[in-house]
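Reading through the C-alpha cells given below for one structure.
Just so you know, all these numbers are worked out from the coordinates, no wet-lab data involved. None of these values were measured; they are calculated from a predicted model. Virtual Cβ from ideal backbone geometry, glycine too; neighbours counted across all protein chains shown.
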Amino acid sequence: MFSKKNNLEKKIKLNISSKDLESDFKKRLLAQQSSSDLKGFRKGKAPLDVIEKYYGDQIKQRLIMDKMGDIFYKKISEENIPVVGQPSFAPESFDIKKDIKFEVSYEIYPEFSLTKMGSLSFKKPVSKVTDQDIKKATDLVLKRYGKAEPIDEKSKEGNFVKIDFEGFLNGEKFEGGEAQDYSLELGSKTMIPGFEEQIIGMKAAESKDIEVTFPDDYQAENLKGQKVMFKIKMKEVSEVKLPNLDEEFFKSINMDVKTKAEFEKKIEEQLQTDLKTNLKTKTKQRIFDAFESSNQIDIPQSMIISEANNLRNNTAQQMGLDIGKLEEDQFPIDNFKENALKRVRLGVLINKLIEENNISVDNDTLKKEIEDKSKSFKDPEQYVNWIYGNEEQLKNIESLVLEDKVAEYLEEKSKVEEETLSFEEVVSMG
C-alpha cells in the first residue's frame, strides 16, 4: 500500500512472510555454523542452538533488513517507480515467527513538464574593448614589471604602502585583526570598505585611528555588520616607477613583441579573447538562471544534500581546510543548500530538455572543439592525442559542448534583451 507524504517523499507499507523468514533463518544459521570457531567446540561443529544463542539476533536483523530491501526493490521495479537516494526501513518487530509488517520511506525523481520556451526571457550582456581598457591593461603589465621606490609624500591611490594595524571590537582586540609590515596597494579594494580610503593621505611614520563597519555578509560571524576601530601606523609609502618601453623590456616580458605598437596589439588581442570567453560564460549563466527560475520544480532532499556535501567538500579543499577536522557548525552544510538546490534543479531540467528535443553532440562538433582548444597549447597534436586517449577528459569536453548546445537552443527560443556593459563589468561579474 502506497501513501503520499508530499510531492516527492513517499511511504509504502509491505509485509514479510514468516514462512520465508524461518526458512532463510535456518539456512543462515547453518552457514554461520560451518564457519564458526567457538571456544569448546571444533570449528564448524558447534550445535545449532549454541549458534543461535551467540548469533541469532544478529542474523535475524540482517535477514529482515535484506528481506525488506528485496521486497521493496521488487515492488518498485514491477511498478516502475523512479526512486532516488537511500530509502529508510522501519519494521514493526524482529519476531520471525510471525509475518512482519514494515514501512519504507523514500523519495522519487520528479515528474514534470517544462515551461513553454516562448515565456523564457533574459538580458544578454554585450560589450567591446575600448582604448581605455587597453591602456588600463597595459599599465597593469607595466606596473607588474616596475620597481616600487619609497617616497616622502602623502599616500595616494595607486601607491603601495606598508602598515601595522590593530583592530578593536568594543574596545577589545579581535582575532585576525592585527598585522605588522602589511603590504597594500591603495585602491585595490582588498580590504573591507572604508579601510583603504581612510589611510590615503598618510605619510610614512604617521599614525591614525579609523572606524570601519564589516559587511553583513562577512565570513566571521562575530564581525558581521560590526563597527570596529583600527589603529594604523604608516611604515612606508612607495610609488611604482614604470619601466621604459625599450628592447630590453620587451625581451624580459616574453610576449614575442619588439615595439610599443606590437605590445599594445598583443594586449588588445588578449583582452578580446578574455571578453569573448566571459561574454559566453555570462550569457550562458543568465540563460540557465532564467531557465531554472521559470521551472521551479520540487527536488528530492537526498539529491540536494548530496550536492551540498560536494560543494562543501570542494570549497574546503580550495580553502586548504581539512573537512574531516571541522565541526559541522564551523562549516555548516546549510550554507551550501541553496546553491545545491539550484544546481541540481538545473541539471534535472537540462536532462529533460535534452531528452525531449534530442539534443546531442556529433563527432565533427566534438572534434572541432578539441582542435580549437589545442591551439592554446605549444604542442596541439600532443594535446589532441592526450584527450582522445583519456576517456574522462573526452567526456568532460563532450559535456561542455552539450551544455553549450543546450544554451544555444534556449537562447533561440527566448525573448532576448541586450544589456550593454563595460569590459570591466563583464569580466568581474559573478
| query | Applying the Karplus parametrisation 6.51 cos²θ - 1.76 cosθ + 1.60 with θ = phi - 60° to the phi angles of region 76-85, what ³J(HN,Hα) value in whole Hz is obtained for each residue in order, glycine and proline being reported as x? | reply | 6, 5, 5, 9, 6, 8, x, 6, 10, x
| Note, ³J(HN,Hα) from phi for region 272-288, Karplus 6.51, -1.76, 1.60, rounded to Hz, x at Gly and Pro | 4, 5, 4, 5, 4, 4, 5, 4, 5, 5, 5, 5, 4, 4, 5, 4, 5
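Tell me, Met65, Met319, Met303 in order of fewest to most beta-carbon neighbours within 10 Å?
Met319, Met65, Met303
Restricting to bridges with both residues inside the chain, how much of the DSSP beta-bridge set is antiparallel, in percent to the nearest 5?
Percent antiparallel among DSSP bridges in the chain is about 90.
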| field | Ellipsoid semi-axes in whole angstrom, largest first, where each is sqrt(5λ) of the Cα gyration tensor of region 105-173 | value | 50, 30, 13
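For region 2-108, what's the relative contact order in percent, using C-alpha pairs closer than 8 Å and at least 6 residues apart?
Relative contact order comes out at 40 percent.
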| field | Estimated D of the chain in µm² per second, where Rh is the Kirkwood radius over Cα pairs and Stokes-Einstein applies at 25 °C, 0.890 mPa s | value | 84 µm²/s
| said: Give me, ordered by chain and number, the residues 5 or more places off Glu419 or on other chains with an amide H under 5 Å from its own placed amide H. | reply: Lys124, Val126
| request: Please arrange Thr281, Thr138 by counting, for each residue, the other beta carbons lying within 10 Å of its beta carbon, fewest first. | output: Thr281, Thr138
| request: Calculate the radius of gyration of the Cα atoms of region 252-428 to one decimal place, then report Dmax, the largest Cα-Cα distance, as a whole number, both in Å. | output: 20.4, 60
| 25 °C / 0.890 mPa s Stokes-Einstein diffusion coefficient of region 147-241, Kirkwood radius on C-alpha pairs, µm²/s | 179 µm²/s
| message | Under 17 Å between alpha carbons, and skipping anything fewer than 8 positions from Lys367 in its own chain: which lysines qualify? | response | Lys375, Lys395, Lys405
| said: What do you get for trypsin sites (Lys or Arg not before Pro) in region 16-94 restricted to DSSP loop and a cutoff of at most 14 other Cβ within 10 Å of the site's Cβ? | reply: Lys39, Arg42, Lys43, Lys45
| query | Counting other C-beta atoms within 10 Å, which of Ser127, Ser360 has the fewest, and how do the rest follow? | reply | Ser360, Ser127
| said: Below 8 Å between Cα atoms, with a sequence gap of 6+, how large is the relative contact order for the chain in percent? | reply: 18 percent
| Given N residues in region 77-213, what is Rg(Cα) / (2.2 N^0.38 Å)? | 2.22
